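Student: Quick one: this structure, given as C-alpha cells, is what I'll be asking you about.
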C-alpha cells in the first residue's frame, strides 16, 4: 500500500461519521433504484416470457352468438395469424361455507389438445376429462377458498344448479390480474376464473357449433386497428361489442399501469437521493480540501503531481460512494424480492423471474459515481490546482457581514450568539439553501407514503360513501323489464331499490375514440348518485350525455360539443349527443345519461340491466339465497366487500411502501442534518472553544451550533411540505389513467409525520454533537492558529 | 509590600500521559499573585508556563496541588463553577486573538459583556485600547495588532479580577507588539487589574512588577523589578 492510500484510509476513518451518513444516503437512493428497476425488470421479463410461452392473444372481443363458420371469415382478415373461438359465460357459484355470492367466469378450452392462444399453466391436477363435469380453477380463486383437485363446487349454469369437480388449478396469461366486472380491486373470494371443456360449456349455453368470444393473434406487421375495424364489421350482426387490443385488455392494462408507477419510482426517488448525496459530498470534500491545504502543499512540494493529488481526493469520494452503492445493492435486492413477492399476490404469474441484472448493478455504480463526481468536481479540481506556495499559507480569513435580517432593523433585539447564527447562515447562502433543500427533500419524501393511503381512502370515501351508497348491486343476464325491480323490492329485508341500465359504447369526438360503459339512471338519487366536481349530487339532464371529466379530457371535448356514441349492443344505433356536463369521479371513465332518454334513443322500451338495493343487514343472507335462485340474476356485488377488498389490497402494498419510504427518507434526513451540523461543528469548534474559555457554558455554545440547525430545520420543514405536495402531485398525475385518478389528498397526518421524522433526525444529530461539544479541547484551540 | 493575594497556588503538579510515558509539565509549583501587580512569566517552550496559566484560568486541572482564588480551591471546582469563574472573574488574551470572525469588534466585546455582571460598555472597553473608531469592523478587516487590542478590550470589559495573557505579542511584530503591551500596561495601571503575561520574550520582562522564571516545570527564580520600563521603550 502506498503512503497516499494509507492516508486515504486514515482520513476516511477520521471522518467515518460523515462518510457513513453520506453512504447511507447513497445506499438509500441505490436501494430504491435497485428495488424498482429490478422488480420492474422481473415483472416485465416474466410478463414477456409468459406471454410468449403461453401465447397471449393480441385482439379480444366478445359477442352474443355467432356460428362457427364465421371464424373462417375472421381468419381471412389480412394480418390475422390465428383465430380461436371460445364460449365464455359469467355464472353464479356456491362455495361451501362461504355465504356471500360468488361469481365465476367460465371460459372454454379445447376438448382436445392445447389452446392456440392464452394457454394454461397447470399448477395442480390435470385438464378436465372429456364428457366429465370437471373444471379447472384459477389459482387465486382456489387459494382463496382452499380448493384443490378432487373438491367440488356448485355453479348455476344457465339456470340449473350443477356440481362441478375440480380437476386442477391453473394460471393464464389472460388473467394475471383479474377483476370482476365493475370492480376496482381484486376480490379472489367472490370472483374467480374457471376453465371448462368447450363441448360441455357449449352444450350448457346452447352454443353448439357457435361461439360468443374470440381471440386473435396477429402477424408481426399487422395493423391492429385495421383488423379490429374489419372484425367489428364481421361481428356486428352477431352482437359483437367491439374488439380491443392487448393494451386495452384488463389484465395487461393493469400490469402496464403498475409498471408505470414503478418506472416513476425508479427515476424520481434515486434522483432525489443522489442529488442530496452529491450535495453532501460536495460540502464534506470542500471542507476536507480546506483543512488539508497544508498537506496538499507538502505533497506537492515533495513532487506529487496535480493529477495524483486530485486522484487521491477522488478516490476518497469514490470509496465512500462505493460503500453506499454496495450497501444499496444488497438492500435494494432484498427489497426488490420482497416487492416482487407482494406483486405476486396480485399479479398471478406462474413464476417470477427475479434476478439482479448485471446491467442494473453497473448502472447503479454509473449513476452514483456520476452524481458523486459532479458533486465534488469543483473541490477536487481546486485541490489538484492549488499551487504549493499558496497552499502553505493559511486560508484567507473568512469575511462576514451583517445578515439581511439584521440590516432590516431587528439587530438590536439579537444577542451576540444569535447574530453569529444569522451571519454564519448568510455567509454561504448557496450552501445554506442546499442544506435546507436537502432536509426539505427528506421531509417531502416522507409525505409520499401516507399520501397514497390518504388519497385512496378519500377515493373510496367518495366512491362508496357519497356516490355508490347501495348495499348490493344486482345485475341481470340481459336487459329486463322494470318488473324485475319491483320483484326485488318485494323481497323481505329490501328497503329501497333503484334500477340502472348499462350499455357498452364506443364514443368518438373528431379522431379521438374510447370504449366505455354508458350508465343510465333515473333521477332517484337516494342510493346511487352522480357527483359534480364539488361532490354535490346532481340530476342527469333529460337529454344529451354527461361524461366523466377524464373521459372528456381523453376525447378533448368540452361541454356543448357533440359526440358520436356507437352503442355496441342490441340494435346498435349510432347516436349524436350533446355533452351537457362533466362528472369529477376518480374511478373509471363512464358516461351517463338519463334512463328515459337512453331508453327512448335505444328504442327497446323500458329496459334495465340491474338494480341497486338498500337492505336490512339482518336479512342479508336470506336475500343472497333468494337472489341465487333467480335465473336472470347474473351477479351480485356487495359494496362492503368491495370496500374491504380495496382496503386489503391497498393496505399491504401501501404499508410496505410507507415503511420503506420512511426508512429511506429518515436516512436522507439524518444524512443531511448530521453532516450539516458536523461540518458546522468542525468549522466552528475553535470559536466555540474560545467562547467556552471566555465563560460561556456548554449549553450556551451548544445554542450557537444547534440553534443554527434548529433554524435551518424549521425553515426546511414547511419547504418540505411544499415540495412534498409537488412530488405527490407528480406521482398522482403520473398514475392517472382510465382506471382511476389518484386525488391529491394530503391529510394533516402526512404533515405531522414528515415534520416528526425530520425533527427526530435533527434531535438525534444534536445529541451526538451535544456530546462532542462536551469534549471540546479548550486548551488546544488557544495554541493553534486556524 | 503587596497587600492582597489574588491567587495562592501550592504544590501544583501536572502530568500528561503521552502514550506510555508520563510527561511532567509542572513539578510542584508554589506561586502567589497579588492585587494590582503585573507579572511576567518567562520561560522557554516546554517550561510549563502555559500549563500554569491554564490552571490559573480554570481551563485545566492539576494532577496534584491546590489553587486558592477568593477562598475557594479551583482544583475542587465543578465544571459549572469553573465556567462561572471564567465568566465573572478572569479575562483571557490569547496569542492568536481568538476573535469570533462573524462578530464586529464591538460585538466581540459585547459577547462577553452580555453575560458578565457589572461590565463596562463595549464602547468604553474599546476606548481603553484606543479602538473606538474601529468598532464596527469585522476581525478580517483589522490588522493583527488591532485584533489583539480587541481581544484585550474583550478580556477587560467584564472588569476581571485577573487578566491572563498567553503570548499576547507572539504573533505580532515588535512595533505592533509594543502597542498591545502599552494597552496592557495602561489597563493594569488604570483599573488595577492583576495581570499575568506569559512569554518567552525576555525583553517584555522589563515592564513587569515581578518576573517569574519557569524552567522544566519549576519556578527557577522570581525577580522583583525595582524600576518598571514603559512598553514604548521596549523593542525586540
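Student: Being in contact with a helix residue (DSSP H, G or I) (Cβ under 6 Å, 6 or more places away or on another chain) and within 18 Å of residue B:198 (Cβ to Cβ) is the filter; apply it to region B:172-181 and report the residue that is surrounded by the fewest Cβ atoms within 10 Å (Cβ to Cβ).
Tutor: Once the filter is applied, the top-ranked residue is B:172.
Student: Looking only at residues in region A:212-256 that are surrounded by fewer than 15 Cβ atoms within 10 Å (Cβ to Cβ) and not in a helix (DSSP H, G or I), which one is modelled with the highest pLDDT?
Tutor: Going through the qualifying residues, I end up with A:219.
Student: Would you mind telling me which numbered condition in (1) in a loop (DSSP other than H, G, I, E, B); (2) touching a helix residue (DSSP H, G or I) at 6+ places or on another chain (Cβ under 9 Å); (3) surrounded by fewer than 18 Cβ atoms within 10 Å (Cβ to Cβ) residue A:186 fails?
Tutor: (3)
Student: Out of B:75, B:93, B:67, report the one residue that is over 18 Å from the mean Cα position of the chain (by Cα), closer than 25 Å to residue A:776 by Cβ and more than 7 Å from chain A (Cβ to nearest Cβ).
Tutor: B:75
Student: For region A:670-689, state whether one or more residues are closer than 30 Å to residue A:587 by Cβ and out of contact with any strand residue (DSSP E or B) (no Cβ under 8 Å at 6 or more places or on another chain).
Tutor: Looking through region A:670-689, none of the residues is closer than 30 Å to residue A:587 by Cβ and out of contact with any strand residue (DSSP E or B) (no Cβ under 8 Å at 6 or more places or on another chain).
Student: Just to be sure, is residue A:329 in contact with a helix residue (DSSP H, G or I) (Cβ under 7 Å, 6 or more places away or on another chain) and either buried (at least 16 other Cβ atoms within 10 Å of the Cβ) or under 18 Å from residue A:283 (Cα atoms) (or both)?
Tutor: yes
Student: Among the residues of region A:721-746, how many are buried (at least 16 other Cβ atoms within 10 Å of the Cβ) and either at pLDDT 90 or above or more than 18 Å from the chain's Cα centre (by Cα) (or both)?
Tutor: Counting residues in region A:721-746 that are buried (at least 16 other Cβ atoms within 10 Å of the Cβ) and either at pLDDT 90 or above or more than 18 Å from the chain's Cα centre (by Cα) (or both) gives 4.
Student: Those residues that are buried (at least 18 other Cβ atoms within 10 Å of the Cβ), at pLDDT 85 or above and more than 14 Å from every other protein chain (Cβ to nearest Cβ), I need them from region A:386-439; list them, please.
Tutor: Those that are buried (at least 18 other Cβ atoms within 10 Å of the Cβ), at pLDDT 85 or above and more than 14 Å from every other protein chain (Cβ to nearest Cβ): A:434, A:435, A:436, A:437, A:438, A:439.
Student: While we're looking at this one, here's another question. Do we have residue A:127 as modelled with pLDDT of 90 or more and in a loop (DSSP other than H, G, I, E, B) here?
Tutor: Criteria met by residue A:127.
Student: Can you tell me which residue in region B:133-158 is nearest to the other protein chains (Cβ to nearest Cβ), limited to those that are touching a residue at least 12 places away in the same chain (Cβ under 8 Å), out of contact with any helix residue (DSSP H, G or I) (no Cβ under 7 Å at 6 or more places or on another chain) and not in a loop (DSSP other than H, G, I, E, B)?
Tutor: Going through the qualifying residues, I end up with B:140.
Student: Taking region A:458-467 as the search range and keeping residues that are surrounded by fewer than 20 Cβ atoms within 10 Å (Cβ to Cβ) and touching a residue at least 40 places away in the same chain (Cβ under 8 Å), which one is farthest from the chain's Cα centre (by Cα)?
Tutor: Applying the filter and picking the extreme gives A:466.
Student: Moving on to the next point. I need every pair where a residue in region A:65-77 that is without any contact (Cβ under 8 Å) to a residue 12 or more places away in the chain has its Cβ under 7 Å from the Cβ of a residue that is not in a loop (DSSP other than H, G, I, E, B), sequence separation at least 6 or different chains.
Tutor: Sorted first by the residue in region A:65-77, then by its partner, the pairs are A:75/A:83.
Student: Does residue B:88 satisfy the criteria of being surrounded by fewer than 20 Cβ atoms within 10 Å (Cβ to Cβ) and at the interface with chain A (Cβ under 9 Å from one of its Cβ atoms)?
Tutor: Yes: the conditions hold for residue B:88.
Student: Let me ask you something else. Of the residues that make up region B:109-132, is at least one over 20 Å from the mean Cα position of the chain (by Cα), within 22 Å of residue A:427 (Cβ to Cβ) and either buried (at least 19 other Cβ atoms within 10 Å of the Cβ) or more than 8 Å from every other protein chain (Cβ to nearest Cβ) (or both)?
Tutor: Within region B:109-132, none of the residues are over 20 Å from the mean Cα position of the chain (by Cα), within 22 Å of residue A:427 (Cβ to Cβ) and either buried (at least 19 other Cβ atoms within 10 Å of the Cβ) or more than 8 Å from every other protein chain (Cβ to nearest Cβ) (or both).
Student: Could you figure out which of (1) modelled with pLDDT of 90 or more; (2) within 9 Å of chain A (Cβ to nearest Cβ) isn't true of residue B:80?
Tutor: (1)
Student: Within region A:681-700, which residues are more than 19 Å from residue B:94 (Cα to Cα), within 12 Å of chain B (Cβ to nearest Cβ) and in contact (Cβ under 8 Å) with a residue 40 or more places away in the chain?
Tutor: Answer for region A:681-700, where residues must be more than 19 Å from residue B:94 (Cα to Cα), within 12 Å of chain B (Cβ to nearest Cβ) and in contact (Cβ under 8 Å) with a residue 40 or more places away in the chain: A:683, A:698, A:700.
The values are calculated or read from the model by the stated rules, or taken from the named source; none is laboratory data. Small disclaimer: the values here were computed from a predicted structure and weren't measured. All Cβ positions, even for glycine, are placed from backbone atoms using ideal geometry, and neighbour counts span all protein chains on display.
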